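A short worksheet on the structure shown next.
The values are calculated or read from the model by the stated rules, or taken from the named source; none is laboratory data. Just so it is clear, the structure is predicted and the values come from calculations on it, not from any experiment. All Cβ positions, glycine included, derive from the backbone under ideal geometry; neighbour counts span all protein chains shown.
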Amino acid sequence: MKSCWQEMLKNDGVNIHFNNQFPPVYYLHGLFKSVMLKVGILGGGQLGRMLLQAAANYPVETYVMENDANCPAAHLCHHFVKGDIRNYDDVYKFGRELDALTIEIESVNEEGLAALEREGVKVYPRPAALRTIKNKIEQKQFYAAHSIPTADFVVTRSLKELDQYADFFPAVHKLGLGGYDGRGVQIIESSAEAVMGFDAPSVLEKKVAVHKEIAQIVAVNENGQTALYPPVDMVFDPGLNLLSYQISPAELTDTILWKVEAIALKVVKALASPGIFAVELFIDKTGEVFVNETAPRVHNSGHHTIEGNYSSQFDMLWRIILGYPLGNTEAILPAAIVNVLGDEGYSGEAKYDGLDEVLLMDNVFVHIYGKRETKPGRKMGHVTILSADRKDLTYKQSRIRHILKVVSGE
Ligand SMILES: Nc1ncnc2c1ncn2[C@@H]1O[C@H](COP(=O)(O)OP(=O)(O)O)[C@@H](O)[C@H]1O
Ligand SMILES: [Mg+2]
């Protein structure tokens, strides 16, 4: 019999798709409801922090492992463990006493996670899915093997090999392992620029004539049920090739929206893992849709779901981990997200100029991540704006980017 707790959490029925490709449920739901699950997060940055803010609403005992005891998530968990998320022994020891584990960054030791999974610890995402995604070479090969549309590519093992691909440019060179937030991605317009590439195993992919970049977040539970959030438009500064702001829902024709949803569902079904997945896609000038990359975790493009959607991406991940029904992904109001980045020329103790002015704005929600030190480009926070009027969203995001600056104190 369902408890009233489960009834209360029941999904309102939007966008739920069923499939039979996943193994049957092996969660003992009844048992889990009666005990406080111990769940660990590998990494203590802002994603871990926001996950813990959502955890406070559920019966769960939280653990975080990170090297830095002053990290953004440290003070919000029940148990903080100092350790290296890239080290097998640290990950294994951390996870041994836990019921379930999740990650906030891909560069964790997935062998440690695989060992824990073999011993019965639930891991979100499954280590096999993480392994596919972690290395951009394997990720691209996975798309090709599953006929998921993605830019054509070749694998290069050294910089020298780029000499063979004079006909392949303009292209984008991407480090197989270790890239993050634009580091490890190099646009190469012609063979004259090939020297800018990476002298390590990488993928060289055709540069897409990008009309729009979209992110589609998908939630997948243990039964393989999925729920899609409205997609997000990622708006880039054309000069700097830097993300300016994000806006949800993305402005798409119905046909392109259906393509985006179908492709994102194909990606998560092929990954065959429960969890939250953010599929980044390109739409080119002709309306063709390509998968750029997938993150097997909560994602920057979903931060607006905290205030903007009935169940946020963070709330949703707890529902999945704790075995509760999926939440309602529908938007309460359209939203924009501005990332608050460390300003150029400032390093040291962070100070937030213009914060009072932003806090006076209506329907604007400030998230400062609590990082003590700023440096140029470091993600220090984000601001979410809600409005039924898209013009209001674009006006306010531009004002906030103009007003709010992260500098360093004297
Ligand atoms: N094949 C491509 N064609 C055009 N632009 C690309 C391509 N691949 C990447 N980019 C641009 O580079 C950005 C970063 O690349 P991405 O693979 O998403 O790396 P990261 O892991 O840093 O997010 C993308 O958001 C996009 O703007
Ligand atoms: Mg990306």
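Figures for the structure shown
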| item | result |
| --- | --- |
| Options Glu293, Glu288; residue that is touching a Pro at 6+ places or on another chain (Cβ under 8 Å), touching a residue at least 60 places away in the same chain (Cβ under 8 Å) and within 16 Å of ligand 1 (Cβ to nearest atom) | Glu288 |
| Residue count, the range 149-199 (criterion: out of contact with any His (no Cβ under 9 Å at 6 or more places or on another chain), within 16 Å of ligand 2 (Cβ to nearest atom) and aliphatic (A, V, I, L, M)) | 4 |
| Matching residues in the range 39-61 - criterion: being farther than 20 Å from Asn109 by Cα and not in a loop (DSSP other than H, G, I, E, B) | Arg49, Met50, Leu51, Leu52, Gln53, Ala54, Ala55, Val60, Glu61 |
| Residue match in the range 316-332 (condition: in a helix (DSSP H, G or I), within 21 Å of the chain's Cα centre (by Cα) and closer than 19 Å to Ser248 by Cβ) | yes |
| Lone qualifier among Gly370, Gly348, Gly409, Gly354 - being modelled with pLDDT under 95 and either out of contact with any Phe, Trp or Tyr (no Cβ under 8 Å at 6 or more places or on another chain) or of a type in the set (S, T, N, Q) (or both) | Gly409 |
| Unique match (being part of a loop (DSSP other than H, G, I, E, B) and surrounded by 14 or more Cβ atoms within 10 Å (Cβ to Cβ)) among Leu177, Leu162, Leu204 | Leu177 |
| The range 223-251, residues that are surrounded by fewer than 20 Cβ atoms within 10 Å (Cβ to Cβ) and outside any strand (DSSP E or B) | Asn223, Gln225, Pro238, Gly239, Leu240, Asn241, Pro249, Glu251 |
| Test result for Leu242, farther than 19 Å from Phe282 by Cβ and within 16 Å of ligand 2 (Cβ to nearest atom) | no |
| Test: residue in the range 303-316 that is within 16 Å of ligand 1 (Cβ to nearest atom), of a type outside the set (Lys, Arg) and buried (at least 23 other Cβ atoms within 10 Å of the Cβ) | yes |
